[in-house]
Every structure is written in structure tokens, then in C-alpha cells.
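Novice: Before I ask anything, here is the structure I am working with.
The values are calculated or read from the model by the stated rules, or taken from the named source; none is laboratory data. Small disclaimer: the values here were computed from a predicted structure and weren't measured. Glycine gets a Cβ as well: all are built from the backbone with ideal geometry, and neighbour counts include every protein chain shown.
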């Protein structure tokens, strides 16, 4: 993807990925049995990142997806770590806005 | 005489993927139809004759290779059908062969390489 298109679509990608990661974190916090849903969200992040040429992001998302599918649940430290690494990388792409309270 | 731009139908459950691929393919001179679900796919299938179909695999309603197999078996789509997914190439190759469709393109290539692959399959796009 050329730089103009990447710049155009990056804000949407970041917003969407954050939303998916927040949903995954909430499901884990709730103790919900939501492995398929989390795996699907990570798969989507991997696909979107791949199209944009963000190959490191895509790789992290694929690793997380693989971890969820192998473990078959979400109560595993490896999955939380994978989500955390992905979240940090997304924040590097677009630092979150801080509220001026 | 007007030159008809080649038309590509993309099926994917991610609206962002659809919008990004439409932008990249449109810039390369292709007409792009997008379908976010099976209802939209069916609508396009009835009213258009695309030159190429790119089908995601893991979608909420169904696996894309299963849908492609149905379309191909029923001879409802004449155009080449390729899976477009981030799954590993070995799995994509197996799924495409099992579905008896034309092949696969890995999303892992990125948009520019996907456009190049499309050009290899159906030729160059028309004028913008």
C-alpha cells in the first residue's frame, strides 16, 4: 500500500484494533469463555495490518490468534502477553490521546 | 469507443479491508464491487459479471472456500475465484484445491503485491 493510502487508512485501523483489543481484554477480565471471538478479532487485525503492510503488527496478531486457538481458552498468561504486546505496538503507531483532566 | 474497466468482486467481513482494497485496485484502474456479507455477494452475483472474485476465508456466516465451492459447482460465477486471506499459504492452497477454485492470494503480501498478482491473473486495469 502506498504511503498516501496508508496514511489515509491508519486512523481507522488503529481505532478498530483498539476497539477489538479492549473487547478481548474485557472478555478475559470477565472470565468469559470467548476464545473463538477473541481469535476472530485477532485474525481480523492480522488481515487489516497485512493489507496495510504493517507486517510486524500482523505477526503479533497472528501469534495471539495462534495462542488462543491452541490453548482453547483465555485463562493463559501467553495470551494476555500477546494481547499486551500487540496493544503496545498499536500505541506506538498512534499514541493514545491523553485526557486533560 | 469507451474501454470497459475490468471488474473485481471482493468478499470480506472487514469493511476496512474492503475499503483499502477498493482504493488500491481503483488506483490501478479496476472497477471494484464489495460485499460485506453473503446477502451483498448474492446481490452482486445476480446483477454483475465480474472478471475476478476475491473471497476471504474466515467470515462469521460461512467459510469463504465453502461459499466459493457452491458458486463454482453451480456454475453461477464464470470468473476465476481466488481466496484472499491471512491464513498460512499451505492451508490456503489446500482449501483452494478442495473447493476446486482457481487459487489463492495471501493478504500477507500487502496491498501493492496483491494488486500485482491481480494484474497477472486478469491483466491490466482500464483507464481511470
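Novice: Is there a residue being in a strand (DSSP E or B) and within 14 Å of another protein chain (Cβ to nearest Cβ) anywhere in the range B:2-17? Please lay out each step first, then the result.
Specialist: Within the range B:2-17, the first condition is being in a strand (DSSP E or B), and the residues that meet it are B:7-11.
Filter once more, so that each one left must be within 14 Å of another protein chain (Cβ to nearest Cβ): B:10-11.
So far as the range B:2-17 goes, yes, one or more of its residues are in a strand (DSSP E or B) and within 14 Å of another protein chain (Cβ to nearest Cβ).
Novice: Could you run through the range B:41-53 and say how many residues are free of Cβ contacts under 8 Å to residues at least 60 places away in the same chain and surrounded by 15 or more Cβ atoms within 10 Å (Cβ to Cβ)? Spell out the reasoning first.
Specialist: In the first step, residues of the range B:41-53 are kept if they are free of Cβ contacts under 8 Å to residues at least 60 places away in the same chain; the result is B:41-50, B:53.
Checking the rest, the ones that are also surrounded by 15 or more Cβ atoms within 10 Å (Cβ to Cβ) come to B:41, B:44-45, B:50, B:53.
Residues in the range B:41-53 being free of Cβ contacts under 8 Å to residues at least 60 places away in the same chain and surrounded by 15 or more Cβ atoms within 10 Å (Cβ to Cβ): 5 in total.
Novice: Further, regarding this structure: Residue under question is residue A:3, and the condition is that it be within 14 Å of chain B (Cβ to nearest Cβ) and out of contact with any helix residue (DSSP H, G or I) (no Cβ under 8 Å at 6 or more places or on another chain); does it hold?
Specialist: On the way: within 14 Å of chain B (Cβ to nearest Cβ): yes; out of contact with any helix residue (DSSP H, G or I) (no Cβ under 8 Å at 6 or more places or on another chain): yes.
Spelling it out, residue A:3 is indeed within 14 Å of chain B (Cβ to nearest Cβ) and out of contact with any helix residue (DSSP H, G or I) (no Cβ under 8 Å at 6 or more places or on another chain).
Novice: Considering each residue of the range A:6-20, count those that are more than 11 Å from chain B (Cβ to nearest Cβ) and over 14 Å from residue A:91 (Cα atoms), and give that number.
Specialist: Number satisfying all stated conditions: 1.
Novice: Take residue A:23 and tell me if it is more than 9 Å from chain B (Cβ to nearest Cβ) and within 27 Å of residue B:109 (Cα to Cα).
Specialist: Values: more than 9 Å from chain B (Cβ to nearest Cβ): yes; within 27 Å of residue B:109 (Cα to Cα): no.
In short, no.
Novice: OK, next. Take residue B:54 and tell me if it is within 13 Å of another protein chain (Cβ to nearest Cβ) and modelled with pLDDT of 95 or more. Give the derivation first.
Specialist: Details: within 13 Å of another protein chain (Cβ to nearest Cβ): yes; modelled with pLDDT of 95 or more: yes.
Criteria met by residue B:54.
Novice: Next question. So which of B:12, B:78, B:88, B:56 ends up being loosely packed, with under 15 Cβ neighbours inside 10 Å and closer than 23 Å to residue A:41 by Cα? Give the derivation first.
Specialist: Working: B:12 fails: loosely packed, with under 15 Cβ neighbours inside 10 Å; B:78 fails: closer than 23 Å to residue A:41 by Cα; B:56 fails: loosely packed, with under 15 Cβ neighbours inside 10 Å.
From the options B:12, B:78, B:88, B:56, the qualifying one is B:88.
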